[in-house]
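Please treat every number below as a calculation from the coordinates, not as lab data. Since the model is a prediction, treat every value here as computed from it, not as a measurement. Cβ sites come from the backbone with ideal geometry, for glycine too, and all protein chains shown count toward neighbours.
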Amino acid sequence: MSKPPLVAIIDDDASVRATTDSLVRSLGYIVYTFASAEEFLRSNRLDDLSCVISDVQMPGMSGVELQAYLLTQGYRVPFIFFTAFPDERIRAQALRAGAICYLTKPFDATRHDKPKPNTTIGFRAVSHCPTCNSTKIYSHGTRSKTVIDLRFMTYGLKRWVARYMIHRQRCQSCKSIFNSSVHRWTPAKYGWNLIAYAMYQNIELHLTQMSIDSSMSKLFGLRLRRGWTSRMKTAAAQLYATTYDRLVKKLCSGDLLHVDETSISVRGVNGYVWVLTSMEEVAYFFTPTREGNTIQELLKNFSGVLVSDFYAAYDAIECPQQKCLIHFIRDLNSAILEHPYDEGLKQLAGNFARVVKPIIETVDRHGLKKRFLGKFRNSIDQFYKHLVEVGSEDAAAKLVDRLQKNRNKMFTFVEFDDVPWNNNNAEHAVKAFALLRRVIEGVTTEKGLRDTLVLLSVCETCKFRNVDFLDFLRSGSKDIDDFVISGRKQRLRRAN
């Protein structure tokens, strides 16, 4: 099987590199980025390249000079140039040297004219009043709205400006004034594809809001003001608030729930992000402290099985619980490394391994089914019976105490179907937040963090359901279940 083509992106602007990188990767190519022509020449990628995408004007060697140098060295790699400062002489030189194309970034910071529409869409006048259903209506003028958006194509995307012509009408009976359009407009003058692409870059690709503002302005000529991505994120979080509430409600009323928490700095003040996951949904929420009041109130009516670590706040939740055995194994291994000559620890580790190993082997063979796991109840009881024989050294005693304290929570999974013995689902969701935390920690506000968590909940749920996050955002759907079903129906129709 052949490898995907390798593309080099060279630009001294980090935000443009990042955005172009994400766009080209989304098309299935392998991408390497460089901040200058000199850095590119120092790399060992020259023999493997399929294409170079380069800015024209850069500090040091320019893009056209790089093209000429490579030709003298025998490298005839295709070039794509883009520049914010078009020059017909340089353009002709680049094309004569074999460049595929010479693109002009569609913006000029000194111009303030309105973007020219690509299309004009008119809405028909309505025939009856939406308030009283009367047909006695007359024209009350027209208005227009220009929406700047993106158009997604098979192998790329472009700026797309649409002008909408809307009739204003007045009812003679009830005197109400209404528009011919029932279209739900997005904030300000921007279309939903543009907002969806910005949210995709921020939430899933982990680009900073400032870099998104800058790169999208340069690539699409949008003149976005600083803070635009933040404002659009607030609007998107409000739009998906019902989706988020539905996720939380479904998680808290399900049969299985994984829970975990991690820290976050909000403008220099520590707080905590909690994650709730099942096998198909994820939801995050923020609390200023690690106290368990919020999670306990949220799960006060939960009756399924709760999978968690050994944090004491979860013990107050009245439901069947499964403690993560991987957490216990990690702590046991750490204790042995710290006390390699402690015979009590070695004995405890050996006994625990003897009871857990055949259980995990059975899970690997038959799955998490209680009809196969129930046979291990006797060996579990024997393990706890022999715990009192383990030495009372401090290191071993603490672990024995934990086992005794959580006796009814260590092997709950053998009593239920499809209950995991680990908390991997929640830990994977925490890792997804940790990647985003690198971008937002220390600079985000509490409100901004809450907006981020709403969208991250939707993003991670989409991943759990094998749904593309960007496709879901662009669809305008607010229900992931409906989107999955409709997508499945469309695939079946295409197959038939």
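For the stretch 127-138, backbone phi angles converted through the Karplus equation (6.51, -1.76, 1.60; θ = phi - 60°) give residue-by-residue couplings of 9, 8, 6, x, 8, 10, 6, 6, 9, 8, 10, 9 Hz, Gly and Pro being listed as x.
Which value, in debye to the nearest 20, gives the size of the charge dipole of the stretch 119-182 about its Cα centre, when Lys and Arg are +1 and Asp and Glu are -1 at the Cβ? All intermediate terms of the calculation are to be shown ahead of the outcome.
On the way: 11 positive and 1 negative charges, 29 e Å.
Value, rounded to 20: 140 debye.
Working note: 222 nm ellipticity from helices only, DSSP H runs with n ≥ 4, each -39,500 (n - 2.57), summed and divided by the residues of the chain, gives -13000 deg cm²/dmol to the nearest 500. Taking a ≥ b ≥ c as the square roots of the eigenvalues of the Cα gyration tensor, the stretch 251-353 is oblate, since a/c reaches 1.5 or more and a/b is not larger than b/c. Database remark: amide H of THR146 closer than 5 angstrom to the amide H of TYR164 (H placed geometrically; neighbours at sequence offset of 5 or more, or on other chains; Pro and chain starts carry no H). Loop-located GluC sites (Glu not before Pro) across the stretch 277-311 with a Cβ neighbour count of 12 or fewer within 10 Å are GLU291, with loop assigned by DSSP. When you restrict to C-alpha pairs under 8 Å that are six or more residues apart and normalise by the size of the chain, the relative contact order lands at 12 percent.
For the stretch 143-159, backbone phi angles converted through the Karplus equation (6.51, -1.76, 1.60; θ = phi - 60°) give residue-by-residue couplings of 9, 10, 9, 9, 10, 8, 9, 10, 10, 8, 10, 4, 10, x, 8, 9, 5 Hz, Gly and Pro being listed as x.
Averaging Cα coordinates gives a centre for the stretch 274-326 and one for the stretch 28-90; these two points are 52 Å apart. Loop-located chymotrypsin sites (Phe, Trp or Tyr not before Pro) in the stretch 327-361 (DSSP state other than H, G, I, E, B) with a sparse environment of at most 11 neighbouring Cβ atoms within 10 Å: TYR341. Here the 3J(HN,Hα) profile of the stretch 34-45, calculated from phi with Karplus coefficients 6.51, -1.76 and 1.60 at θ = phi - 60°, is 9, 7, 7, 5, 5, 4, 4, 5, 6, 6, 10, 9 Hz, Gly and Pro shown as x. Is the C-alpha gyration tensor of the stretch 6-104 telling us rounded, prolate or oblate? Criteria: a/c under 1.5 is rounded; beyond that, a/b larger than b/c is prolate, otherwise oblate. Since a/c stays below 1.5, the shape of the stretch 6-104 is classed as rounded.
Quick check on the chain: of the DSSP beta bridges with both residues there, what percent are antiparallel, nearest 5%? Percent antiparallel among DSSP bridges in the chain is about 55.
Relative to the longest principal axis of the Cα atoms of the chain, the long axis of helix 14-26 lies at roughly 80 degrees. Simple point charges give the picture: +1 on the Cβ of Lys and Arg, -1 on the Cβ of Asp and Glu, and for the chain a dipole about the Cα centre of about 2960 debye.
For the chain, the Kirkwood hydrodynamic radius comes to 27.5 Å, computed from all pairs of different C-alpha atoms. What shape does the stretch 325-415 take by its C-alpha gyration tensor, where a ≥ b ≥ c are the square roots of the eigenvalues and a/c under 1.5 counts as rounded, a/b above b/c as prolate, and the rest as oblate? Prolate.
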